[in-house]
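The block underneath contains the structure these notes are about, expressed in structure tokens.
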Amino acid sequence: MSEEYVPPKVWVWDQNNGGAFAAVNRPTAGAQHEAELPVGEHPFQLYSLGTPNGQKVTIMLEELLELGISEAEYDAWLIKIFDRDQFGSGFVGINPNSKIPALVDRSGPEPVRVFESGAILMHLAEKFGHFLPASGPARAEVLSWLFWQVGSAPFMGGGFGHFYHYAPFKIEYAIDRYSMETKRLFDVANNRLKETRFLGGDDYSSADMSA
Ligand SMILES: N[C@@H](CCC(=O)N[C@@H](CS)C(=O)NCC(=O)O)C(=O)O
């Protein structure tokens, strides 16, 4: 099936390609409908969902609260990606990339939007002085592992999940490619964790939350 496919000279979007995300994703960005985001009473407003990327920020906020930092209190709002909530005008206003998680930090004089899970983890870690060393080699190591995770797992693991689970039919080449890369990433982590207790070093950090 897949070996018979000849890519066209100019690719054209086929909305009804049968995939689970066919009704959700389009090749364009921007708001698709008007929808304001709810705002609660706490300093942080989290717009997210319990996916691997979404969970990272919730883990960080809960760990901060666990340390007794009440300034990290947050309201969590569900963004249902299969209902296309990520394309509402309010959500696109805080994340033009239309992906969860997104955060609004309302602890200062002006609300600050932060999107991309890695950027949100860094923002919170720096703000509260936890889970990311302030300087030196330890900081470089945690940042390396944090960026390793956000630069590879959402795309590779997400690609594996897409072709293994969501695609309308199974394509051996795509599944082989993404499985191999996903396994390789786990091996990178396994090798690292033979040397150090946590990904970033001796201490639990934002890199572990991300992974
Ligand atoms: N690079 C992004 C990836 C986020 C992402 O892929 N989010 C997915 C759910 S896990 C999403 O919102 N998908 C909705 C869509 O593709 O329309 C991050 O690290 O925050």
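Give the lysines whose C-alpha is closer than 28 Å to that of residue 99, dropping any in the same chain fewer than 8 places away, or say none. List returned: 56, 80, 127, 170, 183.
Could you report the chain's accessible area per residue, 1.4 Å probe, as an integer in Å²?
On a per-residue basis, the chain sits at 60 Å².
For the chain, a Kirkwood hydrodynamic radius built from all Cα pairs, placed in the Stokes-Einstein relation at 4 °C and 1.567 mPa s, yields a translational diffusion coefficient of 68 µm²/s. The eigenvalues of the Cα gyration tensor, multiplied by 5 and square-rooted, give segment 136-210 an equivalent ellipsoid with semi-axes of 29, 12, 8 Å from largest to smallest.
Of all the options 104, 12, 114, the one that moves most in a Gaussian network model of the chain with Cα springs shorter than 10 angstrom is 12.
3J(HN,Hα) couplings calculated from phi for segment 85-101 with the Karplus curve 6.51 cos²θ - 1.76 cosθ + 1.60 (θ = phi - 60°) are, in sequence order, 4, 5, 9, x, 4, x, 5, 4, x, 9, 9, x, 8, 6, 10, 7, x Hz; Gly and Pro show x.
Charge tally for residue 107 (other residues, Cβ to Cβ under 14 Å; Lys, Arg +1; Asp, Glu -1): -4.
The longest stretch of the chain left intact once loop-based chymotrypsin sites (Phe, Trp or Tyr not before Pro) with at most 14 other Cβ atoms within 10 Å are removed from consideration, loops following DSSP, is 22-168.
Long hydrophobic helices in the chain, taken as whole DSSP H segments with a C-alpha length of 15 Å or more on their own axis and mean Kyte-Doolittle hydropathy at least 0.5: 117-128. Of the GluC sites (Glu not before Pro) found in segment 1-106, the ones in coil according to DSSP and having at most 11 other Cβ atoms within 10 Å of their Cβ are 34, 36, 41. A DSSP coil position with no more than 13 other Cβ atoms inside 10 Å describes the following trypsin sites (Lys or Arg not before Pro) in segment 1-103: 9, 80.
The values are calculated or read from the model by the stated rules, or taken from the named source; none is laboratory data. Fair warning: this is a prediction, and the values are worked out from it, not measured in the lab. Heads up, the Cβs are rebuilt from the backbone with ideal geometry, glycines too, and the neighbour counts pull from every protein chain shown. Heads up: the accessible areas ignore ligands, DNA and RNA and are worked out on the full protein's heavy atoms, side chains in. Shrake-Rupley method; radii C 1.70, N 1.55, O 1.52, S 1.80 Å.
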